[in-house]
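To keep things clear, I will list the structure first and then write my remarks on it.
Every number here is computed from the coordinates shown, using simple stated rules; none is lab data. Please read all numbers here as calculations on a predicted model, not as lab measurements. Virtual Cβ from ideal backbone geometry, glycine too; neighbours counted across all protein chains shown.
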Amino acid sequence: MSGTTVPLPPIGFADRVRTWWVICRTALAERMAYRGDFALGTLMRFLPIITQIFLWGAIFDAIAETSPGDGTPKRIGGFDLAEMVAYFLLTMIARAFSSMPGLASGIAGQVRQGEIKKYLIQPIDLIAFLLLSRVAHKLAYYAVAIGPFALVFFLCRDYFTAGFPPPHVMVAFIASLMMGFLIGFFLEAAIGLISFWMLEINSLVLIFMLFSFFLSGHMFPLSLLPEPIGWYVNLLPLKYLAYFPAAIFLRKIPDDELMTELLIEAAWLVFFVILCRWMYSRGVRRYSGYGG
Amino acid sequence: MPIIEVRELTKYYRVHRKREGLGASFRGLFRREYTEVQAVKGINLTVEAGEFVAFLGPNGAGKTTTLKLLSGVINPTGGTATVMGYVPWERRNEYRRRFALVMGQKNQLWWDLPAQESYRLHQQIYGIPDDRFRHTLDELTDLLDVTKLLGQPVRELSLGERMKMELIAALLHSPEVLFLDEPTIGLDVIAQHTIQQFLRHYQQERGTTILLTSHYMKDVAALCQRVVIVAGGLVQYDGSLAGIVDQFSGKKIVTLQFAVGVRPDDLARHGTVLETQWPRVKLGITRADVPRVLAETLRDYAIEDVSVEDPPLEEVIADLFHQVS
């Protein structure tokens, strides 16, 4: 052996970037350890959209029967049938960015079983590490899901009656997807970090998922909500997880409000980043290092 | 200058007290009762660079809590500690790149991936230059004889193999201070021996400062010059392994082998009769009385053989633990 210990060289920015890359690669390799389960899980996510198409078809038919009107397409909450289906297809994309399966419960499990110690001992930041692993998981997911996504969108192309939105809307749409991913991550990580105070957070996660299901626009477009409920829900950050990107794409948000809305979203993102950091530093201080 | 300095270190946990029964659980939702558990009550310790120190103590004595405090996993209630000049619970990256903690019951490696992948990640996290990483890894896998297992998912390895892999992960960045918490727990005799051998060799070559907790006296006897006994959250003894017997056991064990047919029935007046297997009798005798008892018995009875021994270390320590708790 080489005798006395030589100090390690300082870590520069390039080394950091390389670390991020290796974390991504390792998380990706781990994902691939159970390819079969992963691929099946990915494909099953497309099933609900078929039910949605049938359900909303039936609802619009029923309305057309009870009030025949002048032949113009019926609208619910500002959406006609084609837009409604397009909306659900688009929220599927939004959810593909913003949903974080197992993040909160994963953090809680690590706190409870003491695996979180690893991040306290090693020169690495837990939240950054989880974020990078999540990026890797998402990339793996897109790699598998892009085929089925393309097929579904191709089959449903007729529902997109307005065609592709203009470039500036497209940019806003992509920006909202990216921020949706980050808000989804930091929001759910913050819920997971509650486990520093309450060891068992499963029911809390369940409640959050329930609220998120209705109030993010995953179940129905938020513009369907009656006032003043709609006004309040609109103030919540949950809409960025599903409704907001789809609404941008379908041009439900007027051009002159687009920038403001995106800035509000960015402000929410900053809020959740700070909340997460604060909770982590407070939580670690009261952590008692469970499990041996 | 000492590498580890601990002064009056305390750690109290507030534990929610659960009472039995559904009604009590329900009331507990509204009015929580807490009890304070004093895991570490004021530990003082100074360790010089290059020492190999063993922490001994019964379960719940505060050994692991002390290691957790020194590795910065938890914050203390009071007192101070520095390791290589750093305050552990500040968790500075410079500190974290210079020590390692191995827990026998926890793994740091990715369960579904070959250890090799985890090592590469470690290399990045700790910022180990390529050539140094390869050199260290070759050396460690060679010493522990696990080169062939590097490419196998960790979940497929045996407990002993996994422990070796964990050790390698902890040593890749050549830590100057190493905390080992029960590194041989649950391992068979051969694996225990391999790990002991490895640790001894590694420590001698590198001069790494090591703090080890273990329940296996063999680990301790094989590795550590210095033993710190922790019980009831306090340091009860700090010195050599042999010194424990001198300090805590006032007794010697005298074995007398009598001539055929000699069966005295008054031996209990000399001390405690520990074992009777005619013609051999074992007596526990207060140390100061040994010369007198030997003289008297040799004078009074026909005796063929005599031996005087220290009581077994395990027993002395068990007695000591018992007294403290």
| query | In nm, what is the difference between 0.36 nm times the number of residues separating B:Asp130 and B:Glu36 and their Cα-Cα distance? | reply | 29.0 nm
| note | Plugging the Cβ-Cβ distance of B:Thr147 and A:Leu155 into 1/(1 + (r/R0)^6) at R0 = 51 Å yields, to the nearest 0.05, a FRET efficiency of 0.45
| request: Starting with the fewest neighbours, write out A:Met209, A:Met100 ranked by other beta-carbon atoms found within 10 Å of each beta-carbon. | output: A:Met209, A:Met100
| Ordering of A:39-52, B:2-15 by burial proxy (mean other Cβ atoms within 10 Å per residue, highest first) | B:2-15, A:39-52
| request: Taking only Cα atoms and a 10 Å spring cutoff, compute GNM fluctuations for chain B and point out the largest among B:Ser214, B:Ser307, B:Ser249. | output: B:Ser307
| said: Please compute the modelled spin-label separation between A:Ala33 and B:Ser240, points set 7 Å along Cα→Cβ, answer in nm with one decimal. | reply: 4.8 nm
| query | Per the Kirkwood treatment, what hydrodynamic radius in Å, one decimal, follows for segment A:100-251 from the mean inverse distance over all distinct Cα pairs? | reply | 17.7 Å
| said: Along the Cα→Cβ direction, 7 angstrom out, place labels at B:Ser158 and A:Ala58. What is the inter-label distance in nm? | reply: 6.1 nm
| Binned Cα-Cα distances of chain B, short to long, each 10 Å bin given as a whole percent | 5, 21, 24, 20, 15, 10, 4, 1
| Which value does Rg/Rh take for segment A:18-285 over its C-alpha atoms, Rh per Kirkwood? | 1.00
| Size descriptor, Kirkwood hydrodynamic radius, that averages inverse alpha-carbon separations across segment B:46-112, Å | 13.6 Å
| task | Please give, to one decimal in nm, the separation of the simple spin-label points placed at B:Arg292 and A:Ala82, each 7 Å out from Cα toward the Cβ. | result | 11.3 nm
| Solvent-free Debye scattering, log10 I(q)/I(0), computed from the Cα coordinates of segment B:258-301 at q = 0.13, 0.20 Å⁻¹ | -0.26, -0.63
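What value in Å³ per residue do you get for the convex hull of the alpha-carbon atoms in the protein assembly as shown?
Working: hull volume 142.1 nm³, N = 617.
Dividing the Cα hull volume of the protein assembly as shown by its residues yields 230 Å³.
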| On a 0 to 90 degree scale, rounded to 10, what angle separates helix A:167-193 from the longest Cα axis of chain A? | 50 degrees
| request: Show which lysines lie in cross-link reach of B:Lys252 when reach means a straight Cα distance below 21 angstrom and same-chain residues fewer than eight apart are skipped. | output: B:Lys282
| task | May I ask you to derive the relative contact order of segment B:4-245, considering only C-alpha pairs under 8 Å and at least 6 residues apart, and to give it as an integer percent? | result | 28 percent
| request: Based on other C-beta atoms within 10 Å, arrange A:Leu126, A:Leu103 from fewest to most. | output: A:Leu126, A:Leu103
| Cα long-axis angle, helix A:255-286 against chain A (0 to 90 degrees, to the nearest 10) | 30 degrees
| Using the beta-carbon distance between A:Gln113 and B:Val262 and R0 = 56 Å, what value does 1/(1 + (r/R0)^6) give for FRET efficiency, to the nearest 0.05? | 0.35
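From Cα pairs below 8 angstrom and at least 6 apart in sequence, can you work out the relative contact order of chain A, rounded to a whole percent?
28 percent
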| task | Of the listed pairs B:Lys68/B:Lys148; A:Lys118/B:Lys148; B:Lys164/B:Lys218; B:Lys68/B:Lys251, which have alpha-carbon separations greater than 29 Å here? | result | B:Lys68/B:Lys148; B:Lys68/B:Lys251
| said: Can you work out the Karplus-derived ³J(HN,Hα) for every residue in segment B:144-150? Use 6.51 cos²θ - 1.76 cosθ + 1.60 with θ = phi - 60°, whole Hz, and x for glycine or proline. | reply: 8, 6, 10, 3, 6, 8, 4
| field | Base-10 log of normalised Debye intensity for segment B:181-325 (one unit scatterer per alpha-carbon) at q = 0.17, 0.20 Å⁻¹ | value | -0.96, -1.13
| remark: Least to most buried among A:Glu257, B:Glu139, B:Glu51, by other C-beta atoms within 10 Å and fewest first, runs A:Glu257, B:Glu139, B:Glu51
| request: Excluding residues on the same chain fewer than 8 positions from A:Lys74, give the lysines whose Cα lies under 19 Å from its Cα. | output: A:Lys252
| message | Rounding to the nearest 10 and keeping the result within 0 to 90°, find how far the Cα-based axis of helix B:313-324 lies from the longest principal axis of chain B. | response | 80 degrees
| Given a Förster radius of 22 Å and the C-beta distance between A:Leu40 and A:Phe213 as r, what FRET efficiency does 1/(1 + (r/R0)^6) yield to the nearest 0.05? | 0.45
